[in-house]
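The values are calculated or read from the model by the stated rules, or taken from the named source; none is laboratory data. These figures come from a predicted structure and were not determined experimentally. Here Cβ is always computed from backbone atoms with ideal geometry, including for glycine, and neighbour counts include all displayed protein chains.
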Amino acid sequence: MSNDKVIAVLGAGSWGTALSIVLADNGYRVRLWGNKKEQIDEINRTHMNAFYLPGIELQPEIKGYFSLDETLKGLDTIVLAVPTKAIRDVCRQIVEVRKMPLSIIHVSKGIEPGSLMRISEMIEEEIPEAVLQDVTVLSGPSHAEEVSLRHPTTVTVSSKKMQAAKKAQDIFMNSNFRVYTNPDIIGVEMGGSLKNIIALAAGISDGLGYGDNAKAALMTRGLAEIARLGTKMGANPLTFLGLAGIGDLIVTCTSVHSRNWRAGNMLGKGKKLDDVLNSMGMVVEGVRTTKAAYQLAHKFNVKMPITDALYHVLFADLNPKEAVDHLMGRLKKHEMEDLMDMLDEQFQG
Ligand SMILES: NC(=O)C1=CN([C@@H]2O[C@H](COP(=O)(O)OP(=O)(O)OC[C@H]3O[C@@H](n4cnc5c(N)ncnc54)[C@H](OP(=O)(O)O)[C@@H]3O)[C@@H](O)[C@H]2O)C=CC1
Ligand SMILES: O=C(CO)COP(=O)(O)O
């Protein structure tokens, strides 16, 4: 296996670490950068990242780095794996130390409240063109815990530049980790971000003691509202039937690994949001994304009843049971109404 392939992963949490394992399996020497010195020392001393991926041994090709300058030296591609709220901060740090062109593959799932930007847009805003060669998103049904065990996983990559997406496909693809390309970067980023809202809602439903019927309803009608907003923003509706859409929605609403589902579950059982988030110790992207999607729904004049209900549970103290009653008691409608509107718009466009 070639030993001269070097890549950096910025963000030494669950996902950055699991993807480092994939990259090391693919013959890369991986510089795994994190912002906590003790954690980086622990990775180098024990070859484990015990808090984030307990029991998983990291290959010797994965080395922890604390200096960003050192991390970025002499390489042309990085994987950005920090939570959405840290994207701008890390991009600014990159700009301080990097003057040469760089390809960025981001793997985060969120939308920024206020600016309402997708992650690739935030990266483009923060990093000047002379440095940012291209930006690609990698998304899909892929819990870090299972990827680190090398269980079969499929994801999709997308970029405005197809060559960059193909390069990312080559970098990550192996016999356990199958990577597809999709030219629809808006759809891939929106699908990956918005499914976290529905996973929180599914967790709440389970926490309230409701069954599979309720969860299937949330997932199906959730996909309808994801597609409705995504399409208004310029996505291809078919993307929501793919890995970054329904694929990721299924895994996040049904897996015990999902932090969004787990957080929702605790809310459904009556815990307070602050206590839930404090107890997680890992990012729950759906909370901020609910705020952003609520704002986007108003901006684009799109009906998103589940997002709206969740927004009021999270930020306006609405009782989760009352939120469900409200959703169930809305005016009657035609199931395919939204789909027909969406198709109409596509054909007119
Ligand atoms: N886990 C998964 O299975 C998957 C996650 N994702 C996405 O990947 C992204 C990252 O998630 P994940 O790794 O799971 O999250 P974790 O909470 O597991 O880890 C996040 C890591 O980022 C670090 N971090 C936070 N802020 C900064 C900063 N300003 N500078 C440097 N490092 C920082 C955290 O450090 P600290 O401990 O100091 O906060 C932590 O090490 C999210 O958008 C998530 O949705 C996508 C697919 C799968
Ligand atoms: O995006 C994910 C799986 O594809 C991870 O979801 P959680 O952040 O809910 O754990």
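Numbers for the structure displayed
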item: Any hit, region 285-303, residues being of a type in the set (A, V, I, L, M, F, W, C) and under 28 Å from Thr153 (Cα atoms); result: yes
item: Positions within region 254-298 being farther than 16 Å from Asp317 by Cα, away from ligand 2 (no atom under 13 Å from the Cβ) and either in contact (Cβ under 8 Å) with a residue 12 or more places away in the chain or acidic (Asp, Glu) (or both), in sequence order; result: Ser279, Ala292, Ala293, Gln295, Leu296, Ala297
item: Leading residue by the ranking (nearest to Ser108 (Cα to Cα)) among those in region 209-260 that are buried (at least 18 other Cβ atoms within 10 Å of the Cβ) and among the acidic types (Asp, Glu); result: Asp248
item: Residue ID - surrounded by the fewest Cβ atoms within 10 Å (Cβ to Cβ), chosen from residues in region 279-310 that are in a loop (DSSP other than H, G, I, E, B) and either more than 16 Å from ligand 1 (Cβ to nearest atom) or on the phi > 0 side of the Ramachandran plot (or both); result: Asn301
item: Every residue from region 56-96 that is among the charged types (D, E, K, R) and either outside the structural domain of Asp134 (by TED's automatic domain parsing) or more than 14 Å from Ile7 (Cα to Cα) (or both); result: Glu57, Lys85, Arg88, Asp89, Arg92, Glu96
item: Residue in region 126-145 that is in contact with an Asp or Glu (Cβ under 7 Å, 6 or more places away or on another chain), assigned to a strand (DSSP E or B), over 24 Å from Met219 (Cα atoms) and not basic (Lys, Arg) present; result: yes
item: Flag if Thr77 is closer than 20 Å to Phe177 by Cα and among the hydroxyl-bearing types (Ser, Thr, Tyr); result: yes
item: Neighbours by Cβ (under 9 Å, 6+ apart or cross-chain): first from region 198-220, without any contact (Cβ under 8 Å) to a residue 60 or more places away in the chain; second hydroxyl-bearing (Ser, Thr, Tyr); result: Gly211/Ser205; Lys215/Ser205; Lys215/Thr254; Ala217/Ser205; Met219/Thr254
item: Tally, over region 14-30, of residues that are of a type outside the set (S, T, N, Q) and crowded, with 22+ Cβ neighbours inside 10 Å; result: 9
item: Residues of region 121-158 satisfying the condition of being within 23 Å of Val284 (Cα to Cα) and either β-branched (Val, Ile, Thr) or more than 13 Å from ligand 1 (Cβ to nearest atom) (or both); result: Glu121, Ile123, Thr136, Val137, Val147, Thr153, Thr154, Val155, Thr156, Val157
item: Test: residue in region 170-185 that is farther than 28 Å from Lys5 by Cα and modelled with pLDDT of 95 or more; result: yes
item: Search result, residues across region 69-87 that are free of Cβ contacts under 8 Å to residues at least 40 places away in the same chain and crowded, with 18+ Cβ neighbours inside 10 Å; result: Ile87
item: Single condition Arg150 does not satisfy, out of (1) outside the structural domain of Met328 (by TED's automatic domain parsing); (2) within 14 Å of ligand 2 (Cβ to nearest atom); (3) in contact (Cβ under 8 Å) with a residue 40 or more places away in the chain; result: (2)
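Residue-wise test of (1) free of Cβ contacts under 8 Å to residues at least 24 places away in the same chain; (2) of a type in the set (D, E, K, R); (3) within 16 Å of ligand 2 (Cβ to nearest atom).
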site	(1), (2), (3)
Lys99	no, yes, no
Ser115	yes, no, no
Leu132	no, no, no
His143	no, no, yes
Val155	no, no, yes
Ser159	no, no, no
Ala168	no, no, no
